[in-house]
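The structure appears below as structure tokens.
The values are calculated or read from the model by the stated rules, or taken from the named source; none is laboratory data. The model shown is predicted, which means the values in this text are computed figures rather than measured ones. In this analysis, Cβ positions are derived from the backbone assuming ideal geometry, glycine residues included, and neighbour counts consider all displayed protein chains. Ligands, DNA and RNA are stripped out before the accessible areas are found, and what is left, the full protein with its side chains, is counted by its heavy atoms. Shrake-Rupley method; radii C 1.70, N 1.55, O 1.52, S 1.80 Å.
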Amino acid sequence: MKKLFDDFKRDIKFKSAGPGKKLTEDTSTKPEVSQSSSSAKQQDRYAPSEGAQRAGAAALARIEQQSRPKVHTSHDAIRNQVKRELEAEAASLAEKDKAAVAEESKVPVKDPACLSVSGVYFTCPLTGATLTKSEREIHIKEAILMRFEEDAVEASVMMIHTFNKDREKVKAAVDIISKYVDNICKCPSEEKYRKIKLSNKVFQEKVRSVEGSREFLQALGFTSIMLPVEGQEEEEEFLVLPEQSSDALELMKERRDRLQRGEPVRAQLDRQPQAFRPSPNAQRFELPPEFYNLTAEELKREQQQRSDLVEKNAMLRTKAMREKEEQRERRKYNYTLLRIRLPDGNLLQGTFYAWDRLPVLFGFVRESLVDGWQPFELIAPGGQKLEEAEEVALAERNLVPAALLTFAWDAAVQADIAAAGGKSPTLLKPELLETIRTLN
């Protein structure tokens, strides 16, 4: 195609210059001389063929079209574009997973049947789907895009707050978009406030670079239009909003408020609550690699080094040094697996973030009990009593990467129940007892 276009340009120049003349020669001032029939035939030889003319015209049309900015005219185009980006991102993640598997293959892999939990899983708040760590981000993006059919404003707000990692950039974009809306609502008949020039420096740097911002403006009613610009030959792209009624302006304010209140959509950790029968293996834990920040090889190497240096450093370290090292150790874990031994001997197990706080743990236990309203205590290894109201991370209580806790009802309350002739309460909810298992 390029060759046809080059031939076409050359043919045009030959036709303008005439045979035997230099291409740079100005022929506009010279009188036209009648040509002989042989000369006419010779000139016809340089005229572009019909096919070359069509190819050249098509190429010129493409070049002219490419010089204009691409305009997204529908949500379908937006979804297709983001879908391509998601597919590329998925391919990249697959390559990383493959590399991680290759790295872990150097270390002996534990039998999945021996693991205390099969892995770390998450729940999508939009679809309810259960996801692995590598699946969650792409799934949530796809779920957000699917919501454009139902509510384009909600979907675009989710895009802005979820697709962009830099919270400062998001805040700046939200502030500028809010200013657009405020100006329109204050001066609804002022046309300049209802036109956004896409080449504007502030828009380019603060708004356009934030994914979802254009979709939100389109959801407000802005449409893409090419308009002439004073002092320029070529038109430029603008987002233009028609004049709005008073009711429409109130709706714009409400949508602005939704944008300002927006929060990132994040997959929620699936705690995988599981009941186990009484077992002498309650303190034995075999965790999958997802629980660690380090690779299996790094963990193995560090454990060996730590074992070699324990005796050597025991007498040399101060208390502050030991505490600092313990904090460094705790940061190696993303998650923790906790078991709670109940008064009847049964066990309740759940997965937590290492930085979850004690009230989260107490809430999990309470939700698993038939009589969760009754006060109870949780005792950590070593006899340390945990306080429900204490806003302390599990890692700070040395409850990572796994721990066995002891459950006890409040003694005073139980004494009052017994004095009134009451029975000891049933512990776990029926749905947990229906799936109770035996520890390996």
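Along segment 332-342, what does the Karplus equation 6.51 cos²θ - 1.76 cosθ + 1.60 (θ = phi - 60°) give for ³J(HN,Hα), rounded to whole Hz, x for Gly and Pro?
6, 10, 8, 10, 9, 10, 10, 10, 10, 8, 8
Leaving ligands, DNA and RNA out of it, work out the accessible area of Thr127 with a 1.4 Å probe and give it in Å² to the nearest 10.
Estimated to the nearest 10 Å², Thr127 gives 80 Å².
Evaluate the Debye formula for segment 123-261 with equal point scatterers sitting on the alpha carbons, no solvent, and hand back log10 of I(q)/I(0) at q = 0.12, 0.14, 0.19, 0.22 Å⁻¹, in q order, two decimals.
Computed log10 I(q)/I(0) values: -0.53, -0.70, -1.13, -1.38.
Using R₀ = 51 Å, calculate the FRET efficiency as 1/(1 + (r/R₀)^6) where r is the Cβ-Cβ separation of Ser118 and Glu230; round to 0.05.
Using R0 = 51 Å, I get an efficiency of 0.20.
How long is the gain from Arg277 to Glu396 if the chain were fully straight, where each residue apart is worth 0.36 nm and the alpha carbon distance is subtracted?
On the way: separation 119, 0.36 × 119 = 42.84 nm, distance 2.92 nm.
39.9 nm is the gain from fully extending Arg277 to Glu396.
Considering only protein heavy atoms and a 1.4 Å probe, what is the carbon-and-sulfur percentage of the accessible area of segment 123-261? Each step should come with its number before you reach the end.
Numbers: 3410 of 7330 Å².
The C+S portion of the solvent-accessible surface of segment 123-261 is 47 percent.
Could you compute the net charge surrounding Leu220? Neighbours are other residues with a C-beta less than 12 Å from the C-beta of Leu220; K and R count +1, D and E count -1. It would help to have the intermediate numbers written out before the result.
Working: positive: Arg194, Arg214, Lys253, Arg255, Arg256, Arg258; negative: Glu215, Glu254.
Net local charge, Leu220 excluded: +4.
Using 1/(1 + (r/R0)^6) with R0 = 41 angstrom and r between the beta carbons of Trp373 and Asp175, what's the FRET efficiency to the nearest 0.05? Could you put the intermediate results ahead of the total?
Working: r = 45 Å, r/R0 = 1.10.
Given R0 = 41 Å and the Cβ-Cβ separation, E is 0.35.
So, with +1 on the Cβ of K and R and -1 on the Cβ of D and E, and no other charges, what is the size of the charge dipole of segment 188-254 about its Cα centre, to the nearest 20 debye? Kindly include the intermediate steps, with their values, before the conclusion.
Values: 9 positive and 15 negative charges, 56 e Å.
For segment 188-254, the charge dipole is close to 260 debye.
Obtain the nm distance between the two label points defined at Ile417 and Thr127 by a simple spin-label model: each point lies 7 Å from its Cα along the Cα-to-C-beta direction.
Between Ile417 and Thr127, the label points sit 4.3 nm apart.
Pulled fully out, how much extra length does the chain show between Arg147 and Arg366, if you take 0.36 nm times their separation in residues and subtract their Cα-Cα distance?
Working: separation 219, 0.36 × 219 = 78.84 nm, distance 3.45 nm.
That works out to 75.4 nm of additional length.
Put a dot 7 Å past each Cα toward the Cβ at Glu154 and Glu205; how far apart are the dots in nm?
Using points 7 Å along Cα→Cβ, the separation is 3.7 nm.
Between Asp257 and Glu290, what is 0.36 nm times their sequence separation minus the Cα-Cα distance? Round to one decimal in nm.
Values: separation 33, 0.36 × 33 = 11.88 nm, distance 3.85 nm.
My answer for the length gained is 8.0 nm.
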